[in-house]
Amino acid sequence: MNEAVEAACALLRAGEVVALPTETVYGLAADALNPEAAAKVFAAKERPSFDPLIVHIARRRELSSVACVPAEISGTVEKLAAAFWPGPLTLILPKQPELPDIVTSGLPTVAVRCSAHPVFRAVGKELGGPIAAPSANRFGRISPTSAAAVIKELGGRIPLVVDGGACPEGLESTIVSIETREGKKPLFHLHRAGPVTKEMLQPFGKVVKAKEKTGDAPHAPGQLPSHYAPVTPLVLLENPDDFKPEPGKRYGLLSYRGEGPYVERHEWEVVEALSPGSGKLAEAAIRLFHVMRVLDESGVDCIVAEPVSETGLGVAIMDRLRRAAAER
């Protein structure tokens with residue numbers, strides 16, 4: 001691992017971008033304080049400049065290098081960081097002036113987290129500074145949870161992919177902003193559901209879904225209506241009886257358990273299950289992007305997705321499926 005870390009840091013110091021594993025998905029990393037390097041991230045991903053990047057720190061004490069934490073929420077930030085960092089929770093906070101505007105898409109805030117993946121953390125510590133790293137895929141496409149998926153997405157566009165194996169969480173980080181309330185627990189605006197669930201956040205404050213204005217530039221990463229999408233059209237089917245196949249079309253099913261009314265509804269070209277037989281949301285979350293990618297490469301004309309229960313991790317899974325099914 002040491003050689004890979006040194007190679008990644010050498011490229012990052014030279015203003016290049018590299019793909020690194022995190023516990024959520026693979027990230028396309030650049031020195032967050034280098035605007036030219038950040039520009040290469042946007043170029044490699046074909047990402048619009050109005051979509052901000054997440055900035056990663058290697059240690060909790062480095063938060064002040066990228067964010068200015070207001071006194072009124074400092075206690076809450078400390079509690080959340082102690083509970084969930086390193087880990088898949090991203091906080092939206094006022095940014096430090098030294099952080100280039102290209103990284104935050106001109107916003108006065110920065111989305112920041114501390115990754116738990118040993119490779120990503122080792123690179124951050126060796127680099128000695130913050131790392132900007134959105135998912136290592138072309139913009140709007142399926143997020144990569146393996147080095148092979150990164151190569152399929154960005155092969156030939158970036159100089160290095162560090163293979164850290166499959167990502168253990170499989171879904172992008174939870175994103176929240178914090179609002180204080182006089183005499184009450186703080187309000188957490190949930191901008192993106194993820195591995196840190198509403199139930200996990202509730203002991204620290206009240207959780208509400210963040211309001212995103214349609215048509216406006218996003219205030220947090222991953223907020224566009226169409227996102228995490230395969231090239232093959234995907235339809236989220238809330239009821240199996242609503243399925244009306246078109247003659248001559250080949251359909252693949254993104255199934256929850258690989259059995260039941262959705263599977264029995266049609267002679268599918270291919271069926272891929274998120275949690276075969278058991279229906280475990282944690283397994284479904286880990287497998288979601290992998291299964292979506294397998295179906296996308298299967299040659300079917302349309303992917304039909306079965307919903308999962310919107311509890312715990314199911315909220316994040318359904319968020320990704322709805323965005324993947326949105327009109328483009």
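Suppose every K and R has +1 on its Cβ and every D and E has -1 on its Cβ; what is the size of the dipole of segment 175-324 about the Cα centre, in Debye to the nearest 20?
It comes to approximately 800 debye.
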Exercise. Before anything else, pin down the relative contact order of segment 234-325: Cα pairs under 8 Å, at least 6 apart, normalised by residue count, whole percent.
Key: 38 percent
Quiz item: Once you treat every alpha carbon in segment 214-295 as an equal point and sum by Debye, what is log10 I(q)/I(0) at q = 0.21, 0.25 Å⁻¹?
Solution: -1.06, -1.29
Practice problem: Please provide three numbers in whole Å: the alpha-carbon extents of segment 1-150 along the principal axes, with the largest listed first. | Solution: 43, 32, 29
Quiz item: Can you sort Tyr256, Tyr251 by how many other beta carbons sit within 10 Å, fewest first?
Solution: Tyr251, Tyr256
Quiz item: Any idea how far the Cα center of segment 255-301 sits from the one of segment 7-25, in Å?
Solution: 32 Å
Quiz item: Given springs between every Cα pair under 10 Å in a Gaussian network model of the chain, which of Ala148, Ala19, Ala273 has the largest fluctuation?
Solution: Ala148
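Report the per residue volume, in Å³, of the convex hull enclosing the C-alpha atoms of the chain.
Measuring per residue, one finds 131 Å³ for the Cα hull of the chain.
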Quiz item: So for Ile102, Ile131, fewest C-beta neighbours within 10 Å to most, what's the order?
Solution: Ile102, Ile131
Self-check item: For the chain: relative contact order, % (alpha-carbon pairs under 8 angstrom, 6 or more apart)
Solution: 19 percent
Self-check item: On Cα atoms only, tilt of 71-84 relative to the major axis of the chain in degrees
Solution: 50 degrees
Practice problem: Fewest Cβ neighbours within 10 Å first, please rank Ser146, Ser49 accordingly. | Solution: Ser49, Ser146
Quiz prompt | Share antiparallel - DSSP beta bridges, the chain, percent rounded to 5 | solution = 45 percent
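Quick note: the coordinates plus some simple rules give every number you see, no bench work behind them. Predicted, not measured: the structure shown is a model, and the values here were computed from it. We place every Cβ from the backbone using ideal geometry, glycine too, and count neighbours over all the protein chains shown.
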